[in-house]
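Engineer: Structure below; questions to follow.
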Amino acid sequence: MTAGYDKFFLVGWVVVAAIALIAIVLAAVSLSRPPSNINIGGMSSDTDNPAPLTAMAPYTGGDAAALMMAAQQKTWLFAIGHDLVPFEYENDQGYTSGFNKDLVDAVCKEANVKCRTVYMSYTLCWNSEPGRHPVPGPALMANWVDACTGWYVAPERLNSVQFTASFMKAVGANFIIKKGNPRAFNPNDLANQKIGFLDGWVNDEKCLKRQSGIRNSELPVTSVMHYKDLIDLYKAIDNSEVTAGFHVADAVLDHSKYEWIGDSYSCMTHGLAMMTKKGSQMATWWDPALRSIQQNGAYKKLCRNAPAAHAPNEVDLVLDCLD
């Protein structure tokens, strides 16, 4: 009985020792491995089950050749959603068309990179509400797409996102009123005036606030009205919901009903560009390819032909093409 017990006791100790040795080996292996650093939506996480990414995580190593190789191994997604001829619109067949899509096709072909456009509301790229700081939308921040097409570069945007090289010149912004100025709007003093803006656009109430030449340019929230497109803004001017609209000076205007008034104001630092999430490496291949089609004449041809190709009914429409 005693010998049997001793034998059992000895076997038990051997088993315990073996388990302890295995645990020590596993712990050593675990400590020798570098921690996993998974990029989820631009944030670092130590999980082994990352959410799938639809947009490319920032590439952080290697030279230009390695960056180019990484760019060519994926499909780049571009959000298109401004319903504004000749830049972006839905054609008679129901497909997205316009200069911005033509440009994406040309630049991506030049760079030998696979690209696709994705139609979505432009407020998913950038959004603003009266009285609040404008913010980037989930299209970029949640990595739904790699870039949003055709966005002006402005101080408020540079706080949150980054841009490629611009493909259009910067333009000013002006007030729009009813023809003849029936409400005697004074563009140099905005006291007690309701002003209309397009939601998410660079020429917003924050731009007006920066204009030192305009008295009472810091509008109260009750004097700021946002609209989804120019059609709604024109309706608001027509029915006197607002005294004036504030928009980029190259907007298509029906001069039989409306007119520009006052000086031209600067709301942007650069013209239209591709807007990307901070940390994106898209500019490493986009900018050289854009310069290349500028040099070989393809950009100039696309830009100069865009009004006739995409807005044949608009008279005297000229884009602010780069030289």
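Engineer: Across region 211-221, what is the number of residues that are in contact (Cβ under 8 Å) with a residue 24 or more places away in the chain and not in a strand (DSSP E or B)?
Structural biologist: Of the residues in that region, 7 qualify.
Engineer: Whether any residue in region 114-128 is surrounded by 23 or more Cβ atoms within 10 Å (Cβ to Cβ) and small (Gly, Ala, Ser) is what I want to check.
Structural biologist: No: zero hits.
Engineer: Take region 253-279 and flag every residue that is over 20 Å from Lys101 (Cβ atoms) and open to solvent by less than 50 Å² (accessible area, probe 1.4 Å).
Structural biologist: Leu253, Tyr258, Ile261, Gly262, Tyr265, Cys267, Met268, Lys277, Gly279
Engineer: Another one. Please report, ordered by residue number, the strands (runs of 3 or more DSSP E) entirely within region 137-187 with at least 2 residues that are of a type in the set (Val, Ile, Thr) and surrounded by 17 or more Cβ atoms within 10 Å (Cβ to Cβ).
Structural biologist: Because the criterion is at least 2 residues that are of a type in the set (Val, Ile, Thr) and surrounded by 17 or more Cβ atoms within 10 Å (Cβ to Cβ), the strands (runs of 3 or more DSSP E) in region 137-187 that meet it are 147-153, 173-178.
Engineer: Right, another one. Could you check region 273-293 and list, in sequence order, the residues that are out of contact with any Ser or Thr (no Cβ under 8 Å at 6 or more places or on another chain) and among the charged types (D, E, K, R)?
Structural biologist: Those that are out of contact with any Ser or Thr (no Cβ under 8 Å at 6 or more places or on another chain) and among the charged types (D, E, K, R): Lys277, Arg291.
Engineer: For Trp286, which of the numbered conditions (1) closer than 30 Å to Lys209 by Cα; (2) touching a strand residue (DSSP E or B) at 6+ places or on another chain (Cβ under 7 Å) fails to hold?
Structural biologist: Of everything listed in (1) closer than 30 Å to Lys209 by Cα; (2) touching a strand residue (DSSP E or B) at 6+ places or on another chain (Cβ under 7 Å), Trp286 misses just condition (1).
Engineer: Return the total of residues in region 70-101 being assigned to a loop (DSSP other than H, G, I, E, B), farther than 18 Å from Pro307 by Cβ and over 19 Å from the mean Cα position of the chain (by Cα).
Structural biologist: Residues that pass the stated criteria total 6.
Engineer: Sticking with this structure for a sec: Condition first: surrounded by fewer than 17 Cβ atoms within 10 Å (Cβ to Cβ) and of a type in the set (Lys, Arg). Now tell me which residues in region 195-243 satisfy that.
Structural biologist: Lys209, Arg210, Arg215, Lys228, Lys235, listed by residue number.
Engineer: Would region 299-309 turn up any residue that is touching a residue at least 12 places away in the same chain (Cβ under 8 Å), surrounded by fewer than 19 Cβ atoms within 10 Å (Cβ to Cβ), within 30 Å of Leu67 (Cα to Cα) and more than 23 Å from the chain's Cα centre (by Cα)?
Structural biologist: So far as region 299-309 goes, yes, one or more of its residues are touching a residue at least 12 places away in the same chain (Cβ under 8 Å), surrounded by fewer than 19 Cβ atoms within 10 Å (Cβ to Cβ), within 30 Å of Leu67 (Cα to Cα) and more than 23 Å from the chain's Cα centre (by Cα).
The values are calculated or read from the model by the stated rules, or taken from the named source; none is laboratory data. Values in this document were obtained by computation on a predicted structure and should not be read as measured data. Heads up, the Cβs are rebuilt from the backbone with ideal geometry, glycines too, and the neighbour counts pull from every protein chain shown. Heavy atoms of the whole protein, side chains included, go into the accessibility calculation; ligands, DNA and RNA do not. Shrake-Rupley method; radii C 1.70, N 1.55, O 1.52, S 1.80 Å.
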